[in-house]
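S.K.: Provided herewith is a single structure, encoded as structure tokens, for subsequent inquiry.
Values in this text are rule-based calculations from the coordinates and carry no lab data. The structure presented is a predicted model; accordingly, all values stated were derived computationally and were not measured. For neighbour counting, all protein chains shown are included, and Cβ atoms are generated from backbone atoms with ideal geometry for every residue, glycine included.
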Amino acid sequence: MKFGGTSVEDATAIDRIAGIVKGRLAEQPYVVVSAMSKVTDTLLAMAAAAGNGDRDKALDLCRQVRERHFDTAGELLGTGLYTGLHSELQSEFDSLEQLLRGICAVGELTPRTSDYVVSFGERLSSIIITAAFAARDLPATLVDARQVMVTDGQHGRAIPQVEEINERLQLHVQPLIVDRRVPVMGGFIGSTREGITTTIGRGGSDFSAALVGAGLNAERIEIWTDVDGMKTTDPRICPDAHRIKVISFNEAAELAYFGAKVLHPSTVLPAVEKNIPVLVLNSRNPTNEGTRILAHTPKSKSLFKAIAAKQRITIIEIVAARMLMAHGFLEKVFEIFARHRCAVDIVSTSEVSISVTVDSNEAIPAIAADLEKLAYVKFSGRMAIICMVGESIRERPGVAAQVFDAMKDINVRMISQGASELNMSFVIDEADVPGAIQRLHSRFFKELDPEVFD
């Protein structure tokens, strides 16, 4: 059971999840928690302030986070139990404050130190939640994620080492489950074999939970959020978006990668390998069935399952009239992206050019400098990828004609279909995203298959 930041944002939310976990007690739950809502952002801000030498700002932000956690713990535990926890929290915050002072003194924030600062979010929430569970007669035991989640040393986006994680789970966690304890662990954080704290990227608590679920051969993995499962599109753009009752692993993975916010893109991978169902549920509305993500799903009468948008995209056009078809040219181009650890989403080639889309990030100027040694390079920023996913599209003729007819007056810059049998993607200006999604949703989600949608 993984609970996100909004599911643990305050005492009321934590009290609510204690009730949910209590209802699953007979099924031997393993609980993974995120930092309290917005805490990770605040930790990043205080680390940045310290790195810039602004000690007052860093310490003020630290004080705000300290007060929030102390207030939450006091509200959850009452005076007697809170006194015991207070010194443990105090010690953690003293360490954080000392670390911020050290960063200010050195005048530099390294990726390794940034990971250590950010790790406090999950560590603090897991300490408080374990104590709150125990106070509500749940047999909770705190598990330090750094003892279990072994990663490589790539700070900020460390890669979990699955075999070693599975060994650690058997060593540190399996005995707790046999003893019918409820392990409570912070997600998102891990450590190298040498014990240096790492993080596995924003949203990584989902991934942590999936790795644990797969490593322990769980019956299912539950991702608890603040929405009633996955929707046919972003309800902020289309208020009439529908809940998806059931979706395949492949469809969910495509949607997560291309911008659906409910799941981390890596979540389904460990579950797929072990064929473990993933449920997306709402901690504020726990009676709702949410969305079930399964290996095999009933055939849907509806053409598409969902529409997602991935924004902050840049198109890079590489023009090399003489070299494009030369042996090894494409290899050289993609080696540059690999060297800068920049993932490419969509690729399109013509006789004289290659167009690719990438997430807009700080690596682009360096990538451009390397590409310009090979060819002429042109950039278009503020773009977005619209991704339409459905297992039914592979057998239906004329799908592309229907899609582009629905948005005939919107300029489409790139199109991708065929790389995946269940995904049609295209690139448009960011400003056109709301209009495009609204038109596509009204065209393709008028008549719904009641077995698949609610």
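S.K.: Could you work out the Rg to Rh ratio of segment 145-227, with Rh taken as the Kirkwood radius (inverse of the mean 1/r over all Cα pairs)?
M.R.: Taking Rh as the inverse mean 1/r over Cα pairs, Rg/Rh reads 0.96.
S.K.: Quickly work out the SER442-to-ARG157 label distance, labels modelled 7 Å from Cα along the C-beta direction, and quote it in nm with one decimal.
M.R.: 3.8
S.K.: OK, next. If the only charges are +1 at each Lys and Arg Cβ and -1 at each Asp and Glu Cβ, what is the size of the charge dipole of the chain around the Cα centre, to the nearest 20 debye?
M.R.: Details: 49 positive and 58 negative charges, 98 e Å.
Dipole magnitude for the chain comes out near 460 debye.
S.K.: Going through segment 371-415, which GluC sites (Glu not before Pro) have at most 15 other Cβ atoms within 10 Å and a DSSP loop state?
M.R.: Working: sites: GLU372, GLU391, GLU395; in loops: GLU372.
Answer by residue number: GLU372.
S.K.: Which trypsin sites (Lys or Arg not before Pro) in segment 108-216 sit in a loop by DSSP (not H, G, I, E or B) and have at most 16 other Cβ atoms within 10 Å of their own Cβ? Intermediate results must be reported in sequence, preceding the final value.
M.R.: On the way: sites: ARG112, ARG123, ARG136, ARG146, ARG157, ARG168, ARG180, ARG181, ARG193, ARG202; in loops: ARG136, ARG157, ARG180, ARG181, ARG193, ARG202.
Of the trypsin sites (Lys or Arg not before Pro), the ones in loops of segment 108-216 whose Cβ has at most 16 other Cβ atoms within 10 Å are ARG136, ARG157, ARG180, ARG193, ARG202.
S.K.: How about segment 14-47: which trypsin sites (Lys or Arg not before Pro) there are in a DSSP loop, with at most 15 other Cβ atoms within 10 Å of their Cβ? The partial results should precede the final answer.
M.R.: Values: sites: ARG16, LYS22, ARG24, LYS38; in loops: ARG24, LYS38.
Here the trypsin sites (Lys or Arg not before Pro) that fit, given the DSSP loop and packing criteria, are ARG24, LYS38.
S.K.: Under the definition of Cα pairs under 8 Å and six or more residues apart, what whole-number percent is the relative contact order of segment 306-444?
M.R.: Details: 217 pairs, mean separation 42.0, N = 139.
Result for segment 306-444 is 30 percent.
S.K.: Of VAL389, SER416, PHE379, which is farthest along the charge dipole of segment 373-416 in the positive direction, counting Lys and Arg as +1 and Asp and Glu as -1 at C-beta?
M.R.: Final value for the positive-end residue is PHE379.
S.K.: Another question about this same structure. Given segment 7-201, what percent of its DSSP beta bridges are antiparallel, to the nearest 5?
M.R.: Working: 4 of 12 bridges.
Of those bridges, close to 35 percent are antiparallel.
S.K.: Between ILE177 and VAL347, what is the label-point separation in nm under the 7 Å Cα-to-beta-carbon projection?
M.R.: Computed distance between label sites VAL347 and ILE177 equals 3.9 nm.
S.K.: Based on DSSP, what percent of beta bridges with both residues in the chain are antiparallel, to the nearest 5? Walk me through the numbers on the way to the answer.
M.R.: Numbers: 42 of 62 bridges.
If we restrict to bridges inside the chain, about 70 percent are antiparallel.
S.K.: Separation between the GLN64 and ASP405 pseudo-spin-labels, each 7 Å from Cα along Cα→Cβ, expressed in nm?
M.R.: In this crude label model, GLN64 to ASP405 measures out at 5.2 nm.
S.K.: Quick check on the chain: helices-only [θ] at 222 nm, where DSSP H runs of length 4 and up contribute -39,500 (n - 2.57) each and the sum goes over total residues. Nearest 500, please.
M.R.: Working: 14 runs with 186 residues, N = 454.
Only helices count here, giving -13000 deg cm²/dmol.
S.K.: Moving on. Run the dipole for segment 340-431 about the Cα centre, Lys and Arg Cβ at +1, Asp and Glu Cβ at -1, nothing else charged, and hand back the magnitude in debye, nearest 20. Working shown, then result.
M.R.: Values: 8 positive and 13 negative charges, 22 e Å.
For this selection, approximately 100 debye.
S.K.: Where in the chain are the DSSP H helices whose C-alpha atoms run 27 Å or more along the long axis and whose mean Kyte hydropathy is at least 0.5? Don't jump to the answer; show the numbers that get you there.
M.R.: Working: long enough: 55-106 (40 Å, -0.30); 111-135 (37 Å, 0.58).
The answer, listed by residue number, is 111-135.
S.K.: Quote the FRET efficiency, to the nearest 0.05, computed for HIS296 versus VAL319 with a Förster distance R0 of 60 Å and r equal to the Cβ-Cβ distance.
M.R.: 0.85
S.K.: What pairs in LYS38/LYS245; LYS2/LYS261; LYS332/LYS378; LYS245/LYS301; LYS231/LYS446; LYS301/LYS408 have C-alpha atoms more than 19 Å from each other?
M.R.: Working: LYS38/LYS245 29 Å; LYS2/LYS261 15 Å; LYS332/LYS378 17 Å; LYS245/LYS301 14 Å; LYS231/LYS446 14 Å; LYS301/LYS408 25 Å.
Exceeds cut-off: LYS38/LYS245; LYS301/LYS408.
S.K.: Taking only C-alpha pairs under 8 Å that are 6+ residues apart, what is the relative contact order of segment 7-201 in percent? If you can, show how the numbers build up before the last one.
M.R.: Working: 306 pairs, mean separation 51.7, N = 195.
Across segment 7-201, relative contact order equals 26 percent.
S.K.: A further question follows. Run the dipole for segment 7-201 about the Cα centre, Lys and Arg Cβ at +1, Asp and Glu Cβ at -1, nothing else charged, and hand back the magnitude in debye, nearest 20.
M.R.: Working: 19 positive and 26 negative charges, 44 e Å.
Its charge dipole is roughly 220 debye.
S.K.: At what distance in angstrom do the alpha carbon centres of segment 205-254 and segment 416-454 lie from each other?
M.R.: Centre-to-centre (Cα) distance: 18 Å.
S.K.: What is the percent of Cα-Cα separations in the chain that go past 43 Å?
M.R.: Numbers: 19071 of 102831 pairs.
Taking all Cα-Cα pairs of the chain, the fraction more than 43 Å apart is 19 percent.
S.K.: Next up: So what is the diffusion coefficient of segment 306-444 in µm² per second by Stokes-Einstein at 25 °C and 0.890 mPa s, using a Kirkwood Rh over Cα pairs? Intermediate results must be reported in sequence, preceding the final value.
M.R.: Numbers: Rh = 16.1 Å.
Translational D for this selection: 153 µm²/s.
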